[in-house]
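A quick write-up on the structure given underneath.
The values are calculated or read from the model by the stated rules, or taken from the named source; none is laboratory data. Computed from a predicted model, the values in this text were never measured in an experiment. All Cβ positions, glycine included, derive from the backbone under ideal geometry; neighbour counts span all protein chains shown.
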Amino acid sequence: MTHWVPKSHPRYESLITREKLIQGFEEGYVAVAGLIAHGRGECFDYLIGEHTIEPAIKAIRAAAAALLLAKRPVISVNGNVAALVPEDVVRLAEVTGAKIEVNLFYRTEERARKIAEVLRKAGAKEVLGVDDATATIPELESERRRVSPEGILIADVVLVPLEDGDRTEALRRLGKTVIAIDLNPLSRTARAANITIVDNVVRAMPKLVEEASRLRESEKEELESILRGYDNNAVLQDVLRHIVKRLEELAKGKLTLEF
Ligand code: ATP
Ligand code: MG
């Protein structure tokens with residue numbers, strides 16, 4: 001059950017996000033480690049200032065171009081993503097022609113089925129990775145390696161909103177273009193992905209849908225030129241510079257609140 005959060009609360013958005021994860025946990029499809037991961041994310045959100053920063057906008061643009069240019073794009077969904085942005089996943093899949101695949105770090109058949117159900121309720125017509133997670137990614141052990149032979153296994157571009165570093169690296173070694181959404185610019189995922197959107201998934205996903213809808217009308221050459229001009233290392237450097245600058249400015253000012 002979602003607990004009541006007053007709209008006037010100064011941290012309303014953040015509290016609603018937490019409530020959605022708690023609800024997903026109580027319904028049995030968000031992993032307990034997913035709750036901890038969200039806490040790590042929130043910490044970095046405080047540091048960037050809880051808004052979509054310029055380097056993230058650049059990455060969103062490149063991500064939209066990569067998804068639109070892909071032959072076999074896949075959006076990988078875990079418990080947190082299903083709890084927070086199921087409608088955006090469905091819309092992005094529609095706009096880019098991507099497949100949706102449930103892909104879990106802590107995989108159980110029950111969680112996979114429940115996530116597929118959440119996505120179907122949000123409008124997804126096809127969800128891979130439940131009964132068909134029969135293929136395996138080399139180098140990863142046991143349940144973490146299972147993927148759909150029609151989805152991630154043969155994908156050229158994979159969007160992993162919230163992923164573990166190990167699996168991101170494994171996807172890269174398979175030659176896939178990996179797009180990550182991760183609030184931690186220092187995580188292995190952020191550093192291993194081809195395109196890293198350092199932003200909260202609840203802000204980044206709607207913006208990615210919007211950008212993909214806008215770029216859908218563009219010529220292939222224009223999309224290719226966006227990708228050619230994109231430098232993920234420079235984007236991650238810009239994120240760190242943004243944090244440093246912001247903290248330095250805050251450190252000069254008044255931090256205590258008035259009552
Ligand atoms: P890595 O394995 O990539 O080095 P990790 O072990 O800290 O990092 P994982 O649990 O593997 O992290 O992945 C979760 C990541 O998702 C974390 O880096 C966390 O900052 C990020 N994260 C959590 N919640 C959100 C959110 N709402 N939006 C964006 N990123 C988030
Ligand atoms: Mg990890």
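Name the residue, out of Leu92, Leu67, that is buried (at least 24 other Cβ atoms within 10 Å of the Cβ), touching a Pro at 6+ places or on another chain (Cβ under 6 Å) and part of a helix (DSSP H, G or I).
Criteria check complete, one pass: Leu67.
I need the full set of residues from the stretch 171-199 which are in contact (Cβ under 8 Å) with a residue 40 or more places away in the chain and either within 16 Å of Ile152 (Cβ to Cβ) or assigned to a strand (DSSP E or B) (or both), in order please.
Across the stretch 171-199, the qualifying residues are Thr177, Ile179, Asn194, Ile195, Thr196, Ile197.
Any residue at all in the stretch 41-50 that's exposed (fewer than 14 other Cβ atoms within 10 Å of the Cβ), touching an Asp or Glu at 6+ places or on another chain (Cβ under 6 Å), at pLDDT 95 or above and not hydrophobic (A, V, I, L, M, F, W, C)?
No, the stretch 41-50 has no match at all.
Could you say whether any residue in the stretch 99-111 is part of a helix (DSSP H, G or I) and within 16 Å of ligand 2 (Cβ to nearest atom)?
no
Would you point out the residue of the stretch 124-166, among those that are farther than 14 Å from Val102 by Cα, touching a residue at least 12 places away in the same chain (Cβ under 8 Å) and in a helix (DSSP H, G or I), that is farthest from ligand 2 (Cβ to nearest atom)?
Result: Ile154.
Within the stretch 118-131, track down each residue that is more than 18 Å from the chain's Cα centre (by Cα) and crowded, with 16+ Cβ neighbours inside 10 Å.
Correct list: Val130 only.
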